[in-house]
C-alpha cells in the first residue's frame with residue numbers, strides 16, 4: 001500500500017539524514033518518551049495550582065525533544081515545518097476526517113461490543129468558563145506531546161525496519177504507521193477501563209488518521225494541530241450538550 005506523501009520531504013533521521021542516529025540513540029530517545037509519559041500519568045500533585053498542572057503536560061513533549069536535539073546535534077526541528085494556509089487547511093481536513101471516521105467506528109463498537117466514555121471529557125462539562133479554558137490549554141500542550149510520543153517511535157521503527165532490516169521504504173512506513181497506532185491505542189487502556197477492543201478499534205483508528213497527517217507532510221505541527229482541533233471539538237460538543245440537557 002502506497003501512502004500519500006508530499007514528494008518534496010522525507011522522514012528525518014531514519015536513514016542518516018540530516019544526521020545518523022545509532023541504535024543507542026534510538027533506545028535513549030524511546031526511554032525519554034517513556035519517562036515523559038510516566039511523569040504525565042504519575043499521581044503527583046505539582047505545586048502552583050493551575051499553573052503547576054501544566055508542568056507534566058509541558059514536560060511530555062519537551063523531554064523527548066530535548067533529548068532528540070542533543071543526540072541529533074540540534075536538528076530536532078526537522079520534525080516540524082512551516083505553518084501556512086495549506087498546513088492550516090490540512091489540520092482542519094484531518095480533524096474533520098478523524099471525527100467522521102471515529103464516530104462511525106465508535107457507533108459500530110458501541111452497538112456491537114459496548115464502549116466506555118473518557119472521564120476527562122465528562123469532567124470538562126462541569127468546569128467554569130475559566131476552568132474550561134485552562135483545561136483546553138493544557139490539553140493542547142499535552143496533545144503536542146502525544147504527537148511526539150507517536151512520531152519518535154515511528155521514526156525508530158522506520159530506522160529498524162528499513163535502514164537495518166532491509167525492508168522497502170514503503171513497507172517500512174506502513175508497518176511503522178500501524179505499529180505506533182497499536183502502541184498509542186494500548187497506552188489508553190487505563191483511560192477506557194482496560195477495554196482492549198475499544199482502544200484498538202476506536203483509538204487505534206483515530207491514531208491512524210492523525211498519523212497520516214504527519215506521514216503526508218512530515219510536519220508535526222500539522223498532526224498536532226489536527227489532534228488539538230479534533231479533541232477540542234469533541235470536548236466542546238460534550239460540554240454544550242451536557243449544559244443544554246441540564247438547562
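Test each condition in (1) buried (at least 17 other Cβ atoms within 10 Å of the Cβ); (2) without any contact (Cβ under 8 Å) to a residue 60 or more places away in the chain for residue 183 and report the one that comes out false.
Answer for residue 183: the failing condition is (1).
For the range 143-175, give me each residue that is farther than 18 Å from residue 209 by Cα and surrounded by fewer than 20 Cβ atoms within 10 Å (Cβ to Cβ).
Passing the criteria: 160, 163, 164, 165, 166, 167, 168, 169.
Any residue that is within 26 Å of residue 202 (Cα to Cα) and surrounded by 12 or more Cβ atoms within 10 Å (Cβ to Cβ) - is there at least one of those in the range 7-20?
Of the residues in the range 7-20, the ones within 26 Å of residue 202 (Cα to Cα) are none.
Checking the range 7-20: not a single residue is within 26 Å of residue 202 (Cα to Cα) and surrounded by 12 or more Cβ atoms within 10 Å (Cβ to Cβ).
For the range 45-55: of the residues being without any contact (Cβ under 8 Å) to a residue 24 or more places away in the chain and surrounded by 12 or more Cβ atoms within 10 Å (Cβ to Cβ), which is nearest to residue 222 (Cα to Cα)? Break it down into steps so the answer makes sense when it comes.
Looking only at the range 45-55, we keep the residues that are without any contact (Cβ under 8 Å) to a residue 24 or more places away in the chain, and these are 45-49, 51-52, 55.
Still in the running and surrounded by 12 or more Cβ atoms within 10 Å (Cβ to Cβ): 46, 52, 55.
Values: 46: 30, 52: 27, 55: 24 Å.
Checking each candidate, the answer is 55.
For the range 207-227, check the following and say yes or no: at least one residue is surrounded by 22 or more Cβ atoms within 10 Å (Cβ to Cβ) and more than 16 Å from the chain's Cα centre (by Cα).
no
Is it fair to say residue 124 is buried (at least 18 other Cβ atoms within 10 Å of the Cβ) and more than 23 Å from residue 246 (Cβ to Cβ)?
no
Please identify the pairs in which a residue from the range 73-90 that is within 21 Å of residue 14 (Cβ to Cβ) has its Cβ atom under 8 Å from the Cβ atom of a residue that is surrounded by fewer than 15 Cβ atoms within 10 Å (Cβ to Cβ), counting only partners at least 6 apart or on another chain.
Once the first residue is within 21 Å of residue 14 (Cβ to Cβ) and sits in the range 73-90, its partners that are surrounded by fewer than 15 Cβ atoms within 10 Å (Cβ to Cβ) give 73/19; 75/18; 75/19; 75/69; 76/66; 76/69; 78/18; 81/9.
For residues that are surrounded by 18 or more Cβ atoms within 10 Å (Cβ to Cβ) and more than 15 Å from the chain's Cα centre (by Cα), scanning just the range 64-75, find the one that is nearest to residue 154 (Cα to Cα).
Initial filter on the range 64-75 (surrounded by 18 or more Cβ atoms within 10 Å (Cβ to Cβ)): 64-65, 67-68, 71-72.
Going one step further and asking which of them are more than 15 Å from the chain's Cα centre (by Cα), we end up with 67-68, 71-72.
Working: 67: 16, 68: 14, 71: 17, 72: 16 Å.
Filtering first and then ranking leaves 68.
Of the conditions (1) touching a helix residue (DSSP H, G or I) at 6+ places or on another chain (Cβ under 7 Å); (2) free of Cβ contacts under 8 Å to residues at least 60 places away in the same chain, residue 178 fails just one. Which one is it?
The one condition residue 178 does not meet is (1).
Each value in this text was obtained by applying a stated rule to the coordinates, not by laboratory testing. Note that the coordinates shown come from a computational prediction; the quantities given were computed from them, not determined experimentally. Because the Cβ atoms are built from the backbone with ideal geometry, glycine has one as well, and the counts that use them run over all protein chains shown.
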